[in-house]
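Worksheet: one structure, shown below.
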């Protein structure tokens, strides 16, 4: 035992210095490989499977808290909620009746114009794991992974609108980036007049910025922005944000526009993973290259007027 | 032998706890102040039981931390190794430091750790506001005496059966 005491570190026959050098080289090699290419998915997958129990345990108190809240709810509260849900459902069904007719009409009109039909989107409910990744990057982990068919670039929605997209998948979990992350951008259109632009994250969950609109652009406070589907990543037609502030400065070329995300970015506990099945013209070549490049997080093919280039 | 084994168990438990604390959700503002629990735990074990904990552990823990936080694979591994190397190298000197001096040393190690992360983030252009890196150094230094006392206590408790024999 005394011999062991003297040795520093569990010696593999290596002194401290050379061992440090060797491991540092391995770490540097890993970082370079991870940064340049995406070859390390297997290592990451293996580690994430090992770590999944830890994430589950950390999540447990929060899950238990929610469960306890449900379990101890009074009958009155549950009845109220049930009635509320019934009312909501009735409302939605009424809207749906009109939607069915509109959808049929839309399909007919598109067929007349020779445009491709938009198929329905398939969704899967995933739960956000209560684990923090990084306080300054708007990322989160969900409890669905490759085993459930999740893929990189997949869009995430909540009940109110677009939330973000998947950036990395592991067998049991997936990491997603919110639309408010400073590295994120997504193509949107103004619902009122179809004006195309790009909404960039600002690093603040309350604001998105629309930096590429000229002062003369027809956009006003209160306008709803919906996803345009032009980047190929996000399905089209889902609400993204509401314009809150438009500042037109005569001396500058572009207006300063900020919008408030429709999705509850910090409030969501459950999210919808969307598989958008779309065919035909809507998949322009530019979108495929965008999809093939995992380094780009933006849903947009580029920051600039490029969505215009895709207009048929 | 039982004593040694329970020391190992205590160490492993503390490291798993540190990993859990690294991802426990905190309110947005407090998240930036989260101390680097894994560094503190690893430094403690390198300082007290270097026969068991060395660079290999720093490397493995770093990879686990990379996976947990979604960082570049190897980033935390390198930073943890850089922080634990001086401890292993100068541990005989560090062991006789009074608390204040030891805390200053640990603060420097935390700064080195955070600087490594900052530097790698900068090189790979994933940089964050600088305050994100420096607050954990301050909070880490503040909680270090506590970590050290709890650790010493656990070490003494788990080593006791061996002393009794």
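Quick note: the coordinates plus some simple rules give every number you see, no bench work behind them. What you see is a predicted model; the values in this text were computed from it and never measured. Using ideal geometry, Cβ is built from the backbone for each residue, glycine included, and neighbour counts are taken over all protein chains shown.
Each residue, residue A:160 and residue B:101, gets one label point 7 Å from its Cα in the Cβ direction; the gap between the two is 5.7 nm. Considering only B:128, B:81, B:99, the mean-square fluctuation computed in a Gaussian network model of chain B, springs between alpha carbons under 10 angstrom, is largest for B:128. Multiplying the residue separation of residue A:15 and residue A:269 by 0.36 nm and removing their Cα-Cα distance gives an extension gain of 86.5 nm.
Label sites at residue A:78 and residue B:152, each approximated as a point 7 angstrom past Cα along Cα to Cβ, lie 5.4 nm apart. Rounded to the nearest Å, what's the spacing between the alpha carbon centres of the stretch A:247-272 and the stretch A:13-47? Just the number, please. Here the two parts' Cα centres lie 40 Å apart.
Extension gain, residue A:32 to residue A:56, is 5.6 nm, computed as 0.36 nm per intervening residue step minus the present C-alpha separation. Every helix of 4 or more DSSP H residues in chain B counts as -39500 (n - 2.57), and over all residues that averages to -26500 deg cm²/dmol at 222 nm.
The simple Förster model, with R0 at 41 Å and r as the Cβ-Cβ distance, assigns residue A:124 and residue B:139 a FRET efficiency of 0.60.
For the stretch A:122-292, how big is the tail of P(r) above 26 Å, as a whole percent of Cα pairs?
Values: 4020 of 14535 pairs.
For the stretch A:122-292, the share of Cα pairs beyond 26 Å comes to 28 percent.
Model label sites at residue B:20 and residue A:112, defined 7 Å from Cα along the beta-carbon direction, differ in position by 6.4 nm.
Distance between Cα centroids, the stretch A:224-246 to the stretch A:154-194: provide it in whole Å. Their Cα centres are 10 Å away from one another.
Select from B:144, B:119, B:134 the residue whose mean-square fluctuation is largest in a Gaussian network model of chain B (Cα-Cα springs shorter than 10 Å). Maximum among the listed residues: B:119. Cα-based values for the stretch A:15-71, radius of gyration first and Dmax second, are 18.8, 58 Å.
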